[in-house]
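**Q** Let me give you the structure first, and then I'll get to my questions.
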Amino acid sequence: MDRAASCGIARMSGQDRNHYAKIAANASGSGTRRHRRPHRSRPRIETKTRIEEQKTARSHKLATHDKTKARTRNDTAGGSSDVPQRREGHASPERARSGLPLQRARASLSSHLFPAAARIHNRRDPLTAPTYPDNTSQRERDLDLAVSGLRRRRPDLSAAEPLWAWQKAALIFIIPIFATVAVLAPHRAAFILATTLALPFCCIVLLRTSALWKSLAATAHPADGSPRAPSPLSLPRYSVLVPLHDEADIVRDLLAALDGLDYPIDRLEIFLALEETDQATRKAIEAEILPPHITVVIVPEGLPQTKPRALNYVLPRTTGDLVVIYDAEDLPEPDQLRRAVAALTANPDLGCVQARLNVLNADETWLTRQYAIEYTVLFDCMLPTLEALKLPVPLGGTSNHFTRSALEDVGAWDPFNVTEDADLGIRLARNGWSVGVVPSTTWEEAPANFKSWLKQRTRWLKGWMQTYLVHMRNPWRTLRDLGWRQFAGLQVLMGGMVLSALVHPWLYVAIAADAAYGPFDVLGDDVLSRIIKIVTVANLVLGYVSGVVLGIVAMRGRGRQRLAAWALLMPAYWLLISLAAYRALLQLATSPYRWEKTQHRPRAAFAPLRPSGKTH
C-alpha cells in the first residue's frame, strides 16, 4: 500500500477503518466472514494429460457402465449441449410386476439437450475437439474393448457363443423325439406342428393388417411433419461413423454424400473406419483431400472382422452427443441430422431414431424391384407401426441416430453378431429405451444380381437367428426386461419371421403332393383338427393378400405407382428368401461369424441424377 493510501486510512473514523479492514481481509481469504470466490470457466483447450484421463475414463465406462450415474460432458469437445439423460424412475404399468426401472429422464428438456444460454457457444467460436491419444497401448486397449467389451460385461447378450448348453441339448433331443412321434403317430405330430405354426403366422398377418390400416390412414390424413429442428446455436455435437471395407470404387460418392449434410461444421465430426488390410480403400482415401472435420481411423487386423467391431473401435474416439452410422454407399437427405435432432429432443425416452431406407436403382432388374418394394414396406409401413404399437424395433444397418447415453448404456455393438443393428434394437428395448422412425430417407444401392443378393440376405437371416437365440437364452429374464407385450413382439418379429421363411416352401410341397396324389388327411377329422385346418388356410391366404396389398399401398405412398404392380410377384420373391434362410441356417452351424461382403458400384453406373418417387 502506498504512502497516500496509508494517510487516507489514518484519517478515517474508527468505524470506517473497521469496515475497510473487513473488506481487505475477505479479499485476501482471511477474516471472520468468507465470501465465495467467483467461478472461473475452464479453458476450452485442455492439456494432453487431462484429455487422456477423460478418454481412458470414457473407455472404461463403456465396459462398466453404471446406470445410476448420469453422464456429464464438458463443452471443450465442441458440443453446446447434453443429450437427454435417463434417470432412475418408475416402472411402466406393464413392467411394474417385474420391477424393472425404465430410468426415464423426467427433468425438463431444456436442462438436458439445450442448456441455459450462457452455456451455448456462438457459431463463430472455434470448438476444438480434444486430441485422442494415438499410441500402441491405447490401440491395443481399444481393440480389446471393441472385441470383448460386451462379452465381459454381459456374456448373456453376446453372440460370441452361438448356443448355450441348454439350447444345444434342446435341439439334440427335440428333433429326434419329434421325428419319432411323426413316424409312430403322424396325425398327432401334424397337429402339434400346425398348432405351433398357426399362432405366430396369425400374428404376422395381424401386424401387416395394422401396418396397412396405418398407411391408409396416413395417406388420407397426412401428418404436419416432424418436430422443427432447433436453431444452429443450440445444435448438439454430432459424430458420424462410416465403416468401409473394400469400397475403393465409391470413395468419391461417399465424400460427396457426406459433404451434402446440412449441419454446422463446427459441430460435426466424421470418422472413416478403414480395415488395416484393405489397402485399396486406404489408397483411394489418401488420394482425396479431406476436410478438417473428417478423420480416418485404421482398424487393426483381427477377428471377427465385422462391421460392429470397427464401430466399437472408433466409438471411444468420438466426442459427439449424438452418433449416427452410415454405410459407404449411402446417400442421406441433407437435413437428416437436423430432423434426427428434432425427434430426439422432442422425446427424452428415445434412445435412437431410424431413418427410412430406400433404393436408388429400383428399375434395374426384377430383384431390385422386389427389393425396393420390400424396403418400402419395412421402413415406411412396418417400422412406424412397431413404434406406434410400442413393440421392439429391429434397426436397419444404417442411418441409426443414437444418443450417446443410450448407446453406452446398452454396451454399444456386438462384434460377433452379423446383424448388429437388429440386436441393438432389441437391447435398447430391454434397457427401457424407445426407438422411433424419423421422416427422412437414406438412398442405397440394391443388389442387382442374384449372387450378391443371396450373400447379403443370408447374412441378414443368419444375424436374425443369432439375435433370437441370444435373447432367448434366458426367456424369463427377457420377459422381465421387456414385459409381456414386447416379449410377444420379439417372438413374432424375430422368431416368427425366420420361422415363416423356413416353413414357406413346404406349403408348396404340401399343395403339390395334394394335387398329385389326391387329398390326404394327416390332421384327423376331429373338431380341433378342423379348426387348425381353417386357421392354417386362412393364414396362408391372408398372408399373401396382406403382403401384396401392403406392397402396393407402400409403393403408391412413395409415388412409385409403376412399380406397385410388381408386388403381385412377391410370393416368388419369398421363395428366394426361404432359400437364403436355409443357407443362413447352414452357416450358423458352420461359420456363424462369416461376413459376406456386398459389393457396390459407383453411383453414376446405375442411379438416376435424382431418386425417383417421393422423399420423406
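The values are calculated or read from the model by the stated rules, or taken from the named source; none is laboratory data. Quick caveat, the model's predicted, so the values are computed rather than measured. Backbone-built Cβ (ideal geometry, glycine too); neighbour counts: all protein chains shown. Calculation scope for accessible area: heavy atoms of the full protein, side chains included, ligands and nucleic acids excluded. Shrake-Rupley method; radii C 1.70, N 1.55, O 1.52, S 1.80 Å.
**Q** Using a 1.4 angstrom probe, figure out how much accessible area segment 341-414 has per residue, in square angstrom, rounded to the nearest whole.
**A** On the way: 1360 Å² over 74 residues.
Normalised by residue count, the accessible surface of segment 341-414 is 18 Å².
**Q** Here is a follow-up. Take the alpha carbon atoms of segment 333-406, find their center, do the same for segment 291-322, and report the distance between the two centers in whole angstrom.
**A** A separation of 22 Å, based on Cα centres.
**Q** Rank these by accessible area, largest first, 1.4 Å probe: Tyr582, Tyr517.
**A** Tyr517, Tyr582
**Q** A further question follows. Rank these by accessible area, largest first, 1.4 Å probe: Arg141, Arg459, Arg188.
**A** Largest accessible area first, the list is Arg188, Arg141, Arg459.
**Q** Quick one: with all protein chains in place, what share of the accessible area of segment 537-582 is carbon or sulfur, to the nearest percent (1.4 Å probe)?
**A** Of all accessible area on segment 537-582, carbon and sulfur atoms account for 79 percent.
**Q** For segment 428-488, count the residues as N, evaluate 2.2 N^0.38 Å, and divide the Cα radius of gyration by that value, please. Provide the component values of the computation, followed by the final result.
**A** Working: Rg = 16.2 Å, N = 61, 2.2 N^0.38 = 10.5 Å.
Working it through for segment 428-488, the quotient is 1.54.
**Q** Taking a probe of 1.4 Å, how large is the accessible area per residue of segment 246-321, in Å²?
**A** Value for segment 246-321: 39 Å² per residue.
**Q** Of the peptides 590-603, 327-340, 345-358, 492-505, how do they stack up when ordered by the mean number of other Cβ atoms within 10 Å, highest first?
**A** Peptide ranking by packing, descending: 345-358, 327-340, 492-505, 590-603.
**Q** Going by average Cβ neighbours within 10 Å, how do the peptides 300-306, 474-480, 372-378 rank, with the highest at the top? Provide the component values of the computation, followed by the final result.
**A** On the way: 300-306: 15.7, 474-480: 14.1, 372-378: 23.4.
Going from most to least packed, we get 372-378, 300-306, 474-480.
**Q** Report, to the nearest whole %, how much of the accessible area of segment 288-428 belongs to carbon and sulfur atoms, 1.4 Å probe, protein only.
**A** 58 percent
**Q** Something else: When the Karplus curve 6.51 cos²θ - 1.76 cosθ + 1.60 is applied with θ = phi - 60°, which whole-Hz ³J(HN,Hα) does each residue of segment 257-267 get, with x for Gly and Pro?
**A** 5, 5, 5, x, 5, 8, 7, x, 4, 6, 10
**Q** Can I ask one more? Taking every pair of distinct Cα atoms and averaging 1/r, then inverting, what Kirkwood hydrodynamic radius in Å comes out for segment 302-429?
**A** 15.7 Å
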